[in-house]
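To start, the structure itself, in structure tokens.
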Amino acid sequence: MIVSKNLSKQFGEFEALKNVSFEIEQGEIVGFLGQNGAGKTTLMRILTAYLPSSSGQAFVGGEDVSLNPLAVHKKIGYLPETPPLYPNMTVKAYLRFAAQLKDVGVKFQKAQVEHVLEECRLEDVQNQVIGTLSRGYKQRVGIAQAIVHEPEVIILDEPTNGLDPIQILHVRELIRKLEHKRTVIVSTHILSEIEQLAKRVLIIKKGEIVVDSNLEKFLIPDDRKQIFVKVKGEEFHIEQAVKDTNSVKQINIEFLGEDIYELHLENTNNVAHYGELVQNFIKYGIKVIEIKEKKGTLEEAFLKINK
Amino acid sequence: MKKIFAIANKELSGYFRSPIAYVVLIVAVTVFNVFFFMIIDENQEATLRDVFKVMEFLFVFIVPILTMKVFAEEKQLGTMEFLMTTPTTHMQIVLGKYLGTLVFFTLIMCWTLPYYGIIKFFSHPDTMTMMTGYIGIWLEGAFFIAVGLMVSSWTRSQIVSAILSYVLLFFLYFASALVKYTGGFFQSIIKYLDVMGHTQNFIVGLLSSSDAIYFISGIVFCLVMTRISIDTRIWDNI
Ligand SMILES: Nc1ncnc2c1ncn2[C@@H]1O[C@H](COP(=O)(O)OP(=O)(O)OP(=O)(O)O)[C@@H](O)[C@H]1O
Ligand SMILES: [Mg+2]
């Protein structure tokens, strides 16, 4: 659905994007993650055919963004970094205007506007002048304008900027609802958010893509899967059971009281099952209370990448 | 076409929501009124010739105020990114904005129509001359607006936009004064660019295709230049 081939962008001497390549399938929800100034906004502006790239190509729905921007604009709904709002217009008039420019049929404009007013929970302020809205409401109007024409591809630059936690949940719901039907790209530098919003993450660092991965896989890299096991038994037996198991290596053992220990283990081969380990525990008469996979946090991963 | 009207409509209603437009309207109408009665009192003539001259001069002052925000404000607000990522061609954006401003300007001009009524009531004015006069100054205003629009497309700053528009409009308006300091080919260019000379013919009732071509080609030129500056996002690159 979205293809980027060796995109580069120079601002004078400065290279904002370097050889960016990726493909996004229809129905995917992808998060662009990166520090301030990493190039997220620039990349989105190129994909939406707002900025020309310096070299490389980008396609949205099969259309080349530099050769056929109008066709691309028909397919996309875009929320720029600063919500593009006219302070003197009312919410409703603005959404109507957006619908007109985005080829929503005259007969459907009213219904579409009402639909997004409801979807973005803007009914209460629909006749209010945009300039007097609070930050979060403005952001929601920005999102509403992006989806008013039910585009195939939705590109949202920091959609949750300025929203309260409940609204963030709501935006997440909204985006999740679009899943499978529509392709969604969101950018953010709030790490926990991307876990909630996206299934796949592209991490951009100084204009380069350093990670392109399924979020689950990214958080728990296969080769360093760590587990915590709570067991009850004698320490000597426990350690022997671990030693007998080829697929794990002991990192740490902690005494929790009353013969209960917590083991911190590392999975040395890539298989994610603990049958052998459990069998060995049983052999030594050790009770297994809990097995827990340690999930990496995005913070950890992010800090490591940006070191 | 629908989109051009949608943009024009947004632009026009934008004027009515902004205080500046009302100030311009009030000032323009007041100045028209004062000068109208002064001129009529002085000349005792059944023509609007001198009123037109006052209007022309006033246009130089009010057009930049009307046009300074047209594109500059969109860029400031970030709405240019919105307009340019909707399936709307750059030409449609330019024409929509031009049309919206032109309609507002025409509404201001309509406030002078009662003068015609007053003169008509008291004497027998030459209707033909008056009509060509109106056409002339309307074309002049339309040309000025195109110039202002073009300048507004160059920058994010409304102030810069207004100042540059004043420079260009003063040049067009006072070009005749520069003629004597120049010579040769350059002189003939300045003579041709001088906007007053072309309007003058309309005001005295002379319709010539060369004057019409001057205005229309000027408008087309400015609108095309506006489109080009949007195509190239010139405000980001200078
Ligand atoms: N028009 C421009 N002219 C010059 N440099 C620019 C321009 N636009 C962006 N840049 C530079 O390109 C780099 C990437 O900017 P971009 O806005 O894409 O970052 P970002 O990842 O969106 O950051 P943030 O998280 O702060 O929004 C920055 O260093 C920025 O200064
Ligand atoms: Mg950004």
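The values are calculated or read from the model by the stated rules, or taken from the named source; none is laboratory data. Model, not experiment: these values are computed from the prediction. Every residue, glycine among them, receives a Cβ derived from its backbone with ideal geometry; neighbour counts consider all protein chains shown.
Computed quantities for the displayed model
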| quantity | calculated |
| --- | --- |
| Every residue from the range B:116-131 that is under 18 Å from residue B:212 (Cβ atoms) and buried (at least 17 other Cβ atoms within 10 Å of the Cβ) | B:129, B:130 |
| Number of positions in the range A:92-122 that are of a type in the set (D, E, K, R) and closer than 19 Å to residue A:162 by Cα | 2 |
| Criterion: more than 14 Å from every other protein chain (Cβ to nearest Cβ), away from ligand 1 (no atom under 16 Å from the Cβ) and without any contact (Cβ under 8 Å) to a residue 12 or more places away in the chain - qualifying residue of B:202, B:170, B:185, B:215 | B:185 |
| Residue A:149 more than 12 Å from the chain's Cα centre (by Cα), surrounded by 16 or more Cβ atoms within 10 Å (Cβ to Cβ), away from ligand 1 (no atom under 15 Å from the Cβ) and assigned to a loop (DSSP other than H, G, I, E, B) | yes |
| Residue match in the range B:62-71 (condition: surrounded by fewer than 18 Cβ atoms within 10 Å (Cβ to Cβ) and under 19 Å from residue B:136 (Cα atoms)) | no |
| Odd one out for residue A:31, checked against (1) within 12 Å of ligand 1 (Cβ to nearest atom); (2) small (Gly, Ala, Ser); (3) under 21 Å from the mean Cα position of the chain (by Cα) | (1) |
| Residues located in the range A:196-212, provided they are in contact with a Leu (Cβ under 9 Å, 6 or more places away or on another chain) and in a loop (DSSP other than H, G, I, E, B) | A:198, A:199, A:207 |
| Scan of the range A:149-163 for residues that are over 17 Å from residue A:72 (Cβ atoms) and of a type outside the set (Asp, Glu), ordered by number | A:159, A:160, A:161, A:162, A:163 |
| Total residues in the range A:151-175, condition charged (D, E, K, R), away from ligand 2 (no atom under 16 Å from the Cβ) and touching a residue at least 60 places away in the same chain (Cβ under 8 Å) | 1 |
| Residue list for the range A:123-146, restricted to those being within 11 Å of chain B (Cβ to nearest Cβ), surrounded by fewer than 21 Cβ atoms within 10 Å (Cβ to Cβ) and within 28 Å of the chain's Cα centre (by Cα) | none |
| Residue under evaluation residue A:162, criteria (1) among the small types (Gly, Ala, Ser); (2) under 20 Å from residue A:95 (Cβ atoms); (3) assigned to a helix (DSSP H, G or I), criterion not met | (3) |
| Strands (runs of 3 or more DSSP E) within the range A:5-122 that include 3 or more residues more than 16 Å from ligand 2 (Cβ to nearest atom) and within 14 Å of chain B (Cβ to nearest Cβ) | none |
| Residue among A:154, A:185, A:175 that alone is under 16 Å from the mean Cα position of the chain (by Cα), under 25 Å from residue A:62 (Cα atoms), away from ligand 1 (no atom under 16 Å from the Cβ) and part of a strand (DSSP E or B) | A:154 |
| Single condition residue B:78 does not satisfy, out of (1) within 30 Å of residue B:133 (Cα to Cα); (2) surrounded by 15 or more Cβ atoms within 10 Å (Cβ to Cβ); (3) free of Cβ contacts under 8 Å to residues at least 40 places away in the same chain | (1) |
| Search result, residues across the range A:258-302 that are among the hydrophobic types (A, V, I, L, M, F, W, C), assigned to a helix (DSSP H, G or I) and modelled with pLDDT under 70 | A:298, A:301, A:302 |
| Qualifying residue in the range A:213-220 (condition: under 26 Å from residue A:146 (Cα atoms), in contact with a helix residue (DSSP H, G or I) (Cβ under 7 Å, 6 or more places away or on another chain) and assigned to a helix (DSSP H, G or I)) | yes |
| Considering residues of the range B:210-238 that are part of a helix (DSSP H, G or I) and at pLDDT below 85 only, the residue surrounded by the most Cβ atoms within 10 Å (Cβ to Cβ) | B:235 |
| Qualifying residue in the range A:218-235 (condition: of a type outside the set (Phe, Trp, Tyr) and crowded, with 22+ Cβ neighbours inside 10 Å) | yes |
